[in-house]
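Engineer: Here you go, one structure.
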Amino acid sequence: MRYCVRTPLPWRIVDGQLFALTSDGMLHVVEEASGVFLFELLVAGPRSRDELLSELLAEFNVGDQQAASELDCFLAELVAKGVLINK
């Protein structure tokens, strides 16, 4: 399964925080640096969970289990909110 940003999706990064506006008019804010990093990867193109996890581990000083757990929560939350889709 690969994840990607739902398009069209207006978004901006301001002061290190991500602001995304979904089609239902809801504004979603991602404050964590790791979440903003992952979102930017997904804007660049579809990625699998394993690809995202590898990039996350390479960029941030975090353990494998913690990174995997936080990634799964991030993906599930943004899919549920309509920011990301999975193919």
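The values are calculated or read from the model by the stated rules, or taken from the named source; none is laboratory data. Please read all numbers here as calculations on a predicted model, not as lab measurements. For neighbour counting, all protein chains shown are included, and Cβ atoms are generated from backbone atoms with ideal geometry for every residue, glycine included.
Engineer: So which residues in the stretch 60-83 are closer than 11 Å to residue 34 by Cβ and touching a helix residue (DSSP H, G or I) at 6+ places or on another chain (Cβ under 8 Å)?
Structural biologist: 60, 62, 67, 70, 71, 74
Engineer: If residue 19 satisfies every condition in (1) out of contact with any Leu (no Cβ under 7 Å at 6 or more places or on another chain); (2) of a type outside the set (S, T, N, Q); (3) surrounded by fewer than 16 Cβ atoms within 10 Å (Cβ to Cβ); (4) at pLDDT 95 or above but one, which is the exception?
Structural biologist: In the conditions (1) out of contact with any Leu (no Cβ under 7 Å at 6 or more places or on another chain); (2) of a type outside the set (S, T, N, Q); (3) surrounded by fewer than 16 Cβ atoms within 10 Å (Cβ to Cβ); (4) at pLDDT 95 or above, residue 19 misses (1) alone.
Engineer: Next up: Give me the pairs, please: first residue somewhere in the stretch 63-80 and modelled with pLDDT of 95 or more, second residue anywhere and basic (Lys, Arg), beta-carbon distance under 8 Å, and either six or more positions apart or on two chains.
Structural biologist: Going by the 8 Å Cβ cut-off, the qualifying pairs are 71/49; 72/49; 75/49.
Engineer: State all residues of the stretch 11-41 that are in contact with a helix residue (DSSP H, G or I) (Cβ under 9 Å, 6 or more places away or on another chain) and either of a type in the set (Phe, Trp, Tyr) or in a strand (DSSP E or B) (or both); if no residue qualifies, say none.
Structural biologist: 11, 13, 17, 18, 20, 28, 30, 37, 39
Engineer: Just name the residue that is farthest from residue 80 (Cα to Cα) out of those in the stretch 8-31 that are free of Cβ contacts under 8 Å to residues at least 12 places away in the same chain and out of contact with any strand residue (DSSP E or B) (no Cβ under 9 Å at 6 or more places or on another chain).
Structural biologist: 15
Engineer: Find the residue count for the stretch 50-87, including only residues that are surrounded by fewer than 13 Cβ atoms within 10 Å (Cβ to Cβ), over 16 Å from residue 2 (Cβ atoms) and charged (D, E, K, R).
Structural biologist: Adding up the residues that qualify gives 1.
Engineer: Tell me, yes or no, whether the stretch 42-49 has at least one residue that is touching a residue at least 40 places away in the same chain (Cβ under 8 Å), part of a helix (DSSP H, G or I), within 10 Å of the chain's Cα centre (by Cα) and surrounded by 12 or more Cβ atoms within 10 Å (Cβ to Cβ).
Structural biologist: Scanning the stretch 42-49 turns up at least one residue that is touching a residue at least 40 places away in the same chain (Cβ under 8 Å), part of a helix (DSSP H, G or I), within 10 Å of the chain's Cα centre (by Cα) and surrounded by 12 or more Cβ atoms within 10 Å (Cβ to Cβ).
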